[in-house]
Structure formats: structure tokens, C-alpha cells
Amino acid sequence: MAVEAEVATTPELSLADTDINWDRLDKTRFHVIGAILFTAQSALLHPTAVVKTRMQVAGSGISHMCGTSVFMHILKNDGIRGLFRGFGTSAIGSLPGRVLALTSLEVSKDMMLKYTEGLDMPEATRVGIANGVAGMLSNLVSCVYYVPLEVICQRMMVQGLPGTTFCNGPFDVMNKVMKVEGFRGLYRGFGLTAVSQSPASALWWGAYGSAQHIIWRSLGYRDDLEMKPSHMEMVTVQATAGMVAGACSSFITTPLDTVKTRLQVMDNYGVGRPSVIKTMKMLLKEDGWWGFYRGFGPRFLNMSLYGTTMIVTYELIKRLSVKQV
């Protein structure tokens, strides 16, 4: 409570306090507050993920509709419940993964900042590299946990679409996948996820770190000056940097995400286990190269909103988790 009171009453922060490192955090508060706030954030953005996934997977009809039309189609046929398919599994299942991801992110970023401290390079570059490496390592670590969860959640999101198998809940999804393909089936798309999301995570965190640093300097703020940003300025700058990072990342990574999503949920590509090559050929056959950007609108919206809300939430969690002196 003392920390929250301090945040509420202190009108200004030093520029150095806009980036709180791992050593200054109360780890228990960090993970507990993070679990609560990130779950709430995921609930707000889950419908865009459902719309994006359905647009990428459907073999006819829905896949050629715009994001708004797909949203209304789901709402009309399945109600609010349809827009939140798979959310319970995702929210509960993500809790251990978030602890793993946040810990690896902060520890690796702290190590990189210390390692690059004496190097002769611009500060924006140094911050961007440290954030980028941390984002990539964090994603690689969390992929081992999140890919099976993603396979289960996405299969629940696309229930009833052509080429998908009907399942009655997350455990039924897991049983049916393992019955056909064994444990390996839960890791469909693991390689593609790691290859696409790790560089994307590095790009996102690197762009965010550099963008925030550049924006602060362009506004005239320096660590060695008495001029300090207000809380509103801090939130605005961090949100803007997060939005820019999310927008850039979504444009670059959507084609790989489309292939990965199809690979994880489709079962009608003929004899044998679906592969990346088969999935790409089907997309090219159906829509040409534009097929790789199916669901780009909802994904762009999702990642831009996610980037903005996630980083504002994340930075708030860190401020509320600073060790009490």
C-alpha cells in the first residue's frame, strides 16, 4: 500500500525511474499483480484473437469476409460466448507461462544492460539491443510451455469450421490430438512458432526500448537534467512506443502466423501429418500470396492494442512492485 500511495501522490518521476530493473523489484508482488492485470488485459483482447484465427483457418465463406463481418457473424451465430471461446483455458493455463516469461525477460534484459554498459555505442542502440535479446530469449523459453496451450485454445476457437475436429473442452482436445499423433501433436507448429515469434519478440522489445529512449530525448529529457516527466507523460510515451512496436511487428510476422495457425488446427490436407510446405501450398492455391495476410486487419489491431495496453500494464506492474525501502 505504501508503494501505491507513493505512486499516487508523487507528481513526477526521474527519467531513470521509467525503466525499473530486476534488482529493484519485489518478485512476489511482481508476479501476483502481473497475473491479475495481464489476465484482465487478455480478456479485453481475446475476441480479436478469435476473429483473426477464424479468418486464417476457414476454407470458405468466413475467410473472405472482413474482420468486422466475421465479428458480427460469430456474435450472431454463437453470441458473446463464441467471441470468448478458449479464453478460460488460455487464462488459467497462461499463469505459469507468464511467470516463466516475465522472469526470463527481466533477468536477461538486466544481464544484457550490464554486459553492454562499457561499449562504445549510442544509448538508444544499447537499450534496443538489450531489450531485443531479452525479448528473443524470453520467447524461446516460453514457447516450450505456450505452444501446446496455443494448439488447444486455437482448436477450441475454430469449432465447427471445415477441416476441424469437434472437441468437447480442452481435455478432449488434448486427448484427441494425442490419440492421433501422440505428444508430438501438441507441438504442431513449434518450430515455426519459435522461428517466427522469437525474432518478432526481439523486434518488438527492441523497437519499444529504442522508440521510448528516442521519444524521451526528442522531448528534451535527460537523466542528468532536473527536468522530470509527469506520470501522464510517462504513460503516453510508453503507450506510443508500444503501439509503434506492435504495428511494425504485426506487418512483418503475419504471413508466418497464418501458416502456423493453419498448421496447428487443420486436419484435412490428405494423407499424412500436415506440414509447413503443404500448408503454404494450400494458401497459395486458395488466395495466392494475399492468402498469407488473411486476418491481417484483426492481427494488426490486436498487436497494436496489445502492444499499447501490455506495455502500459507491464510498466504499471513494475512501478507497483518496487521494493519498499
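Taking a sphere under 15 Å around the Cβ of Pro255 and counting the other residues whose Cβ falls inside, with K and R at +1 and D and E at -1, yields a net charge of +3. When you restrict to C-alpha pairs under 8 Å that are six or more residues apart and normalise by the size of the range 103-247, the relative contact order lands at 29 percent.
Computed from point charges on the beta carbon alone (+1 for Lys and Arg, -1 for Asp and Glu), the dipole magnitude for the chain about its Cα centre is near 1560 Debye.
Each peptide in 283-294, 299-310 receives the mean, over its residues, of other Cβ atoms within 10 Å, and ordering these scores from highest gives 299-310, 283-294. Computing Cα extents along the principal axes in Å directly from the structure and comparing it against (1) 101, 70, 37; (2) 66, 40, 36; (3) 61, 46, 31 singles out (2). The residue among Leu95, Ile36, Ser230 whose Cα reaches farthest toward the positive pole of the charge dipole of the chain, with charges on the beta-carbon of Lys, Arg, Asp and Glu, is Leu95. Between helix 27-57 and the chain there is an angle of about 40 degrees, using the helix long axis and the longest principal axis of the Cα atoms. Considering only alpha-carbon pairs that sit under 8 angstrom and 6 or more positions apart, the relative contact order computed for the chain is 29 percent. On the beta carbon distance between Ser230 and Val32, with R0 = 45 Å, the FRET formula returns roughly 0.95. Packing here is the average count of other Cβ atoms within 10 Å per residue, and on that basis the peptides 242-250, 170-178, highest first, run 242-250, 170-178.
Throughout, read-outs are computed from the coordinates displayed, never taken from laboratory work. Note that the structure is predicted; figures quoted are calculated from it, not measured. Glycine gets a Cβ as well: all are built from the backbone with ideal geometry, and neighbour counts include every protein chain shown.
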